[in-house]
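What follows is a single structure, written as structure tokens, with notes after it.
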Ligand SMILES: [Zn+2]
């Protein structure tokens, strides 16, 4: 079964609690299956692994329960997770790195957060790249939006400006892989 790092769960939950309170978090839990609710209610160690499907269901429920139109909650959650998770464990690496250096390490970084899917980076110019995730399991479109937000914030943390990322292909919409095209200044 595909798994996602506990750290991602913890910060995604913290994002919901910070923005929508305990009551908002409870409403999201109520929209989930008993199995998912149990996983999300228990203490999650940052270094542990939990089902990616549960993480995806949580993000999807967050959007359905708390999301307003055009307010992309999963993407915001992804930005929050990157900001906090990377500050904690990769602060020096990220802050001192250039966008290109971070892209060199992106494939490794992906493996720290998800145990399925291979992240491949194709640099297409000095300020542009394509990220492809091959074979990600247990995800959904909300999970992809979370990934988009995570990428976006990570690039900003390296000092890149006007970061734009478009999710052009999606395995969960029937494409052969998930593809993100990024540009920055
Ligand atoms: Zn996708």
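Read-outs throughout are calculated quantities, based only on the coordinates presented, and are distinct from any laboratory measurement. As the structure is a prediction and not an experimental result, all values here were calculated from the model. Positions of Cβ are backbone-derived with ideal geometry, glycine not excepted, and every protein chain shown enters the neighbour counts.
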Paramagnetic label zone (point 7 Å from Cα along Cα-to-C-beta, residue 118; backbone N under 15 Å) in region 147-185:
177-178
Any idea what the relative contact order of the chain is, in percent, if you count C-alpha pairs under 8 Å spaced at least 6 apart?
24
Debye intensity ratio I(q)/I(0), log10, region 1-87, q values 0.15, 0.18 Å⁻¹ (C-alpha model):
-0.49, -0.72
In degrees rounded to 10, the 0-90 angle between helix 141-157 Cα long axis and the longest Cα principal axis of the chain is 50
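At 222 nm, what value in deg cm²/dmol follows for the chain if DSSP H runs of at least 4 each add -39500 (n - 2.57) and the sum is divided by all its residues, to the nearest 500? Present the calculation step by step, with values, prior to reporting the outcome.
Values: 7 runs with 99 residues, N = 185.
Estimated from H runs of four or more residues: -17500 deg cm²/dmol.
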Whole Å is fine, so just give me how far the alpha carbon centre of region 118-185 lies from that of region 1-60.
22
Alpha-carbon spread of the chain, three principal axes, descending order, Å
47, 36, 32
Ranked 170, 177, 144, criterion: other C-beta atoms within 10 Å, fewest first:
177, 170, 144
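What Kirkwood Rh does region 97-183 have if only Cα atoms enter the pairwise 1/r average? Answer in Å. Write down the numbers at each step before the final one.
Values: mean 1/r = 0.0773 Å⁻¹.
One decimal place: 12.9 Å for the Kirkwood radius.
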